[in-house]
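We did not get these values from a lab; they are worked out from the coordinates using the rules stated. What you see is a predicted model; the values in this text were computed from it and never measured. Backbone-built Cβ (ideal geometry, glycine too); neighbour counts: all protein chains shown.
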Amino acid sequence: MKPLIHSFENETEFLDSALNSILKWMEELLNIQSEIRIGLAGGSTPKKLYELLSKKKLPWHKIIWVILDERCVPADDEESNFGMIQKALFASVPKENQVVFDTTLPPNKAAEQMDGKLRELEEARKPLFDLLILGAGKDGHIASLFEGDVSLFSSKWAYATKAPKEYKTKERLTVSLEALSTSRKALLLLKGSEKKPVVKSLEKGQVSSFTALKHLVEKVATEVFFCT
Ligand code: 6PG
């Protein structure tokens, strides 16, 4: 499936458009089901969107939020995705609706624990995800699914992995491509000129060099929001 791509020069319009798409999708789903599951990317791009979301009057008890990848650092580390999301969004989210990696555990144990949490969710209701809010690196990675990752096609729902040497925190935890591919819909937020090659590849339908992204857009209806 070719993704729907929206390009913006103004950050406020970029964020408002992505926010409105999320709210509309939430409303549609909550008219037909009692709870929804939303996967959350870390990194820097989605932070302001999460802050806008946190100010909305949402049925917080009906939304389960899953952090899609984590750096193996303590929650108070500046690299922590949980730390960023806790400040930006989770103040309004009941603890039991926060599905996160436990980085106090050894990486493989933390991955096993998340695998179990996601299997419970999927057994309770399919699909596992109703919406993914993703970013992508300038190298095209999503979550912590990096090019050449030996576990990219793992049948597990989560695993421990390593980021390439240029990344500050190499020890990572990630939800798998198979788990992401269950989602009904994905939003991909890209900000900055260094992300333009990824957008161009998506526009041309030539994302083969970004394996995880290629498989995602083939399986999941994806809407791209790009701001220069
Ligand atoms: C992470 C993210 C990752 C992120 C991209 C883009 O833990 O780094 O989950 O997949 O979305 O690296 O990051 P920026 O939004 O900071 O460019």
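Quick look at the numbers
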quantity: Subset of region 53-82 that is surrounded by 18 or more Cβ atoms within 10 Å (Cβ to Cβ) and assigned to a helix (DSSP H, G or I) - its residue that is farthest from the ligand (Cβ to nearest atom); calculated: Leu53
quantity: Residue list for region 194-225, filter: touching a Leu at 6+ places or on another chain (Cβ under 7 Å) and closer than 16 Å to Phe146 by Cβ; calculated: Val198, Val207, Thr211, Ala212, His215, Leu216
quantity: Some residue of region 187-210 being within 13 Å of Leu68 (Cα to Cα) and away from the ligand (no atom under 14 Å from the Cβ); calculated: no
quantity: Those residues of region 144-197 which are without any contact (Cβ under 8 Å) to a residue 40 or more places away in the chain, under 17 Å from Lys214 (Cβ atoms) and not in a loop (DSSP other than H, G, I, E, B), in sequence order; calculated: Leu177, Glu178
quantity: Positions within region 103-125 being within 16 Å of the ligand (Cβ to nearest atom) and polar (S, T, N, Q), in sequence order; calculated: Thr103
quantity: Residue, surrounded by the fewest Cβ atoms within 10 Å (Cβ to Cβ), within region 126-143, restricted to residues that are in a loop (DSSP other than H, G, I, E, B) and within 9 Å of the ligand (Cβ to nearest atom); calculated: Lys138
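Yes/no matrix, rows are residues, columns are (1) of a type in the set (Ser, Thr, Tyr); (2) within 23 Å of Thr222 (Cβ to Cβ):
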site: Gln33; (1), (2): no, yes
site: Ala41; (1), (2): no, yes
site: Thr45; (1), (2): yes, yes
site: Leu49; (1), (2): no, yes
site: Glu78; (1), (2): no, no
site: Ala111; (1), (2): no, no
